[in-house]
1. Over segment 23-66, what portion of Cα pair distances is larger than 16 Å, expressed as a whole percent?
2. If you take the alpha carbon radius of gyration of segment 114-195 and divide it by 2.2 N^0.38 Å, what ratio comes out, to two decimals?
3. Give me Rg/Rg_expected for segment 51-92, where Rg uses Cα atoms only and Rg_expected = 2.2 N^0.38 Å with N residues.
4. When the scattering of segment 158-209 is computed by the Debye formula from its Cα atoms alone, each counted once and equally, what is log10 I(q)/I(0) at q = 0.29, 0.30 Å⁻¹?
5. Mind putting together the pair-distance distribution for the chain? All Cα pairs, 5 Å bins, whole percent per bin, short to long.
Amino acid sequence: MIWLSILILVTAIAHIFADSFHRREICVITKPLVMVEIGSLLLLQPGFWESSIRLPILGGLLFSVVGDVFLLWPEKRFVAGLLSFLVAHIFYAYGFWHESSTIFWLPVVLLVPVVVIFIWLLWGFLGALRLPVIIYTLIIAWMLVCASSWLYSTPTLASFYAALGATLFVISDACLAWQKFRGTYVLASLWIMATYYAAQLLIVLSTCL
C-alpha cells in the first residue's frame, strides 16, 4: 500500500497549496479525492468484512466526503457540511465505542472546561448557528471520549492511532471554527487541512492493525 500512501500525501499537499491560494477549480477535485484515496486504503485491506470496526469507519468516511463537498461552498452549504460531519462523528464514535469496554472519564473532565471556554470565545460571532455548533461540539467531543476509552481499555497501537486521530480531528475543527467565525489567520489552510487529513488517515490506520 506504499504507492497509495504516497498518492494520499501528494494529493493532500496539492490541496493545501490550492486552498491556500484560493484555487477553487483545483480544490473541487483534490479535496474529495484525498478522502476517496484514504477510503480506498481501508477498502483494500484483506478481510475487510472480518473486522467489526471497519464498517462504521467506512460510514464515517463516506459522510466526511459529503461534508467536504458541501464545505467547498461554505457561504451556502456550511450547515449541510456541519450536519454531514456530525453524522460522520457518530459513526466514528460507534466504531470506537464498540472496541472499548469502559468509559475513560478523564477526557470528559478535561474537555468540559475546554469546550465551555471555546464556545464562549465564539459565542458572540455564532449568530443563528449557536445551537448547531453546540450540538456538533458535543458530538465530536464524545467521539474523542470514545476513542480515548478504547485506548484506556485496550492500549494497543491501533487504539493509540484512533485516539490521536480523534484528537487531531478536534484540533482541525477548532481551527476551522476559529477561521469561519473569528477570521482567518496565518497558515490557516495548513493547520486545518493537515490536521484533518492526518486525523482521517490515523482513524483508518487504526482499523488496519
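1. On the way: 390 of 946 pairs.
Above the 16 Å cut-off, segment 23-66 has 41 percent of its Cα pairs.
2. Numbers: Rg = 14.2 Å, N = 82, 2.2 N^0.38 = 11.7 Å.
Scaled against compact globular proteins, the figure is 1.21.
3. Scaled against compact globular proteins, the figure is 1.19.
4. Debye intensities relative to I(0), on a log10 scale: -0.96, -1.00.
5. P(r) for the chain, in whole percents per bin: 1, 8, 15, 21, 20, 16, 11, 6, 2, 0.
Values in this text are rule-based calculations from the coordinates and carry no lab data. Being a predicted model, the structure only gives us computed values, none of them experimental.
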